[in-house]
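Let me begin by presenting the structure, written as structure tokens, before commenting on it.
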Amino acid sequence: MCDTTRTSGYVLCLLAALLFPCLAAAHAFPERSVPRVGSALTAAPKAVRIWFDDALKAGPSRVTVMDSTGKTVSKGHGHVTGNNPHLLKVALESLSPGRYWVHWTAVARDDGDKTHGKFPFTVK
């Protein structure tokens, strides 16, 4: 029997490596996100959360969300949460139906390696 959680994790990592080939050797690599990469949502999310495989530096690590015209729809540049240095999150304005892009920059706390990427999600 296949472990669906482990399989989902492998699929997400493979998808991330395909979408963000520059990150294949990166130090702080995204493990999962809410909303998920490429997801189509029936309800607009209130925030975006990205979990990384390494602890992040709070100041330079950031995440912003833009609509299809390039307008920022996130509240600020996001932040690393105080109780979980692996979690980068940002609150969102009220989103209308459409396609949105999450842009993130992660700086590893231990060695300062910087990675960045982006991924889409859609609100129906």
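Please treat every number below as a calculation from the coordinates, not as lab data. Predicted, not measured: the structure shown is a model, and the values here were computed from it. Using ideal geometry, Cβ is built from the backbone for each residue, glycine included, and neighbour counts are taken over all protein chains shown.
Per residue of the stretch 56-69, what does 6.51 cos²θ - 1.76 cosθ + 1.60 with θ = phi - 60° give for ³J(HN,Hα)? Whole Hz please, x for Gly and Pro, Karplus curve as stated.
For the stretch 56-69, the Karplus-derived couplings read 10, 6, 5, x, x, 7, 8, 8, 10, 10, 10, 7, 5, 8 Hz, x marking Gly and Pro.
Using only the Cα atoms of the stretch 30-107, what do you get for the radius of gyration and for Dmax, in Å?
So, for the stretch 30-107, Rg and Dmax equal 12.0, 34 Å respectively.
I need the peptides 65-74, 29-38 ranked by packing, meaning the mean over residues of other C-beta atoms within 10 angstrom, with the highest value on top.
29-38, 65-74
Using θ = phi - 60° and the Karplus relation 6.51 cos²θ - 1.76 cosθ + 1.60, list the HN-Hα couplings for the stretch 103-111 in order, rounded to whole Hz, with x at every Gly or Pro.
10, 10, 10, 10, 10, 5, 5, 6, 10
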